[in-house]
Amino acid sequence: MKVWFIGAGPGDPELMTRKAWRLLGQADVVLHDALMDIPGMKEAAPHAQWLEVGKRSGRPSVEQAFICRTLVALAKRGLTVVRLKGGDPAIFGRLAEELQACRAEKLDVEIVPGVTAACAAAADLQTSLTLRGESRSVVFVTPRVGKYETGAQGEWLAAAMAAQTVVLYMASSQAKDLCAKLLAAGKAKDTPLCIVENASRTGQQLKHTLFEIAQRGLPALEGPVTLLLGQALRYAKAQDSGLEKPITGQQAGWSYGVA
Ligand code: SAH
């Protein structure tokens, strides 16, 4: 009896690993998140039963305890269970709770990593999240504090201030306020900030400054959104707001095209 926790990547089925694809083919049942191209992924397991157990911000969603119970119950029936999670299962994916539920019932587990949204967003922006000599740290952080969590308010800010490149997950609904807090805490007004919607699939990539978003907030976007900020993002290829002066690569001692 085994449960496979598989990272499905950011959405494009081609960004799934070969291992993920192969193991899906052995699944009897697949419990999957909401933010995925399910028809594309179903090709890997056309005969399995696919159940959506996704949690979507602001919409009715399946309780975590129910997901844990279902995983355990299906595996104990002797079925091969795949828990398919968006991006990488270990990043903001409630993996810990689900692992614990499986371990408590002595079920074997295995984890297959996936491409997390930050990496897919950087790829869409055709940019690096690190810059030699300039950006040596990247933080993946969320300002979202769950219903039953305590004491976490503001922790995201300390983490974001400590890193040179900041990738914000689950942050779009509060973007204006978050950017104002980052400015007040000391990030520079002209810090490049990119907005990537639906990374790896069709979505918008926009480039602004921290100040602009603190003033105006985000435009309305449909898909999941990742925000990336820091000097490394000045090389991002994205629709420019037109309000900022592009900074050339010469400052960093080397040069290449700046979008
Ligand atoms: N485990 C996932 C993250 C789950 S949290 C991972 O590793 O990527 C959900 C958040 O991830 C969303 O609110 C959004 O901020 C981000 N996200 C997930 N898929 C995305 C995508 N295709 N494009 C942009 N952001 C995405």
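List of remarks:
- Candidates in the range 216-237 are the residues that are closer than 19 Å to Ala188 by Cα and open to solvent by 20 Å² or more (accessible area, probe 1.4 Å); of these, the one that is farthest from the ligand (Cβ to nearest atom) is Gln231.
- Taking the range 2-42 as the range and being in contact (Cβ under 8 Å) with a residue 60 or more places away in the chain and open to solvent by less than 10 Å² (accessible area, probe 1.4 Å) as the test, the residues that pass are Val3, Phe5, Ile6, Gly7, Ala8, Gly9, Gly11, Ala20, Leu23, Leu24.
- Hey, Trp50 part of a strand (DSSP E or B), within 23 Å of the chain's Cα centre (by Cα) and away from the ligand (no atom under 16 Å from the Cβ) or not: yes
- In the set (1) assigned to a loop (DSSP other than H, G, I, E, B); (2) in contact (Cβ under 8 Å) with a residue 12 or more places away in the chain; (3) open to solvent by 50 Å² or more (accessible area, probe 1.4 Å), the condition left unmet by Lys106 is number (2).
Yes or no, residue by residue, for (1) more than 8 Å from the ligand (Cβ to nearest atom); (2) free of Cβ contacts under 8 Å to residues at least 40 places away in the same chain; (3) surrounded by 13 or more Cβ atoms within 10 Å (Cβ to Cβ); (4) part of a loop (DSSP other than H, G, I, E, B):
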{"site": "Ala73", "(1), (2), (3), (4)": "yes, yes, no, no"}
{"site": "Leu79", "(1), (2), (3), (4)": "yes, no, yes, yes"}
{"site": "Val82", "(1), (2), (3), (4)": "yes, no, yes, no"}
{"site": "Pro89", "(1), (2), (3), (4)": "no, no, yes, yes"}
{"site": "Ala120", "(1), (2), (3), (4)": "no, no, yes, no"}
{"site": "Gln126", "(1), (2), (3), (4)": "yes, no, yes, yes"}
{"site": "Pro143", "(1), (2), (3), (4)": "yes, yes, yes, yes"}
{"site": "Glu149", "(1), (2), (3), (4)": "yes, yes, no, yes"}
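The values are calculated or read from the model by the stated rules, or taken from the named source; none is laboratory data. Values in this document were obtained by computation on a predicted structure and should not be read as measured data. Cβ sites come from the backbone with ideal geometry, for glycine too, and all protein chains shown count toward neighbours. Surface areas here come from the heavy atoms of the whole protein model, side chains and all, with no ligands, DNA or RNA. Shrake-Rupley method; radii C 1.70, N 1.55, O 1.52, S 1.80 Å.
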